[in-house]
């Protein structure tokens, strides 16, 4: 039950952090892109319409909500299961590190990558864009590993809930 509670608390905190990060996206749209966007940029839908932080903010928000759902499911299963599965605390930290890593690479990391490859996001500097996206993908995989561990724990706990027939 404790791990489920911690998942819910961290998940809510990360979701609210993502809501706060949305103000950066709004400011970016108000100010405009730092680099000129060319014809090739307009053809590439993977660039999420001119704001480089959209992917990382969405990952933090969705991941936070996923943690809340997993935590609540674990709390409910632990309450009704006579033999609850032993929770794996690594699941929590993999999820937290994964989401904070996506944020670090995707949001402030954007500026670091932009100093190495100026304008990489808006122009066809493939190595810069792909390296930046792969960094975020790595942390999404870390989050997925933690979510999978927690899902397995929840599933085992739910297997112990007796079926009732009326």
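The values are calculated or read from the model by the stated rules, or taken from the named source; none is laboratory data. Values in this document were obtained by computation on a predicted structure and should not be read as measured data. Neighbour counts run over all protein chains shown; Cβ positions are idealised from the backbone, glycine included.
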Residue list for the range 124-143, filter: more than 28 Å from residue 92 (Cα to Cα), part of a helix (DSSP H, G or I) and in contact (Cβ under 8 Å) with a residue 60 or more places away in the chain = none
Can you tell me which residue in the range 14-25 is nearest to residue 100 (Cα to Cα), limited to those that are surrounded by 14 or more Cβ atoms within 10 Å (Cβ to Cβ) and modelled with pLDDT of 80 or more?
-> 14
When you look at residue 121, is it outside any helix (DSSP H, G or I) and in contact with a helix residue (DSSP H, G or I) (Cβ under 8 Å, 6 or more places away or on another chain), yes or no?
-> yes
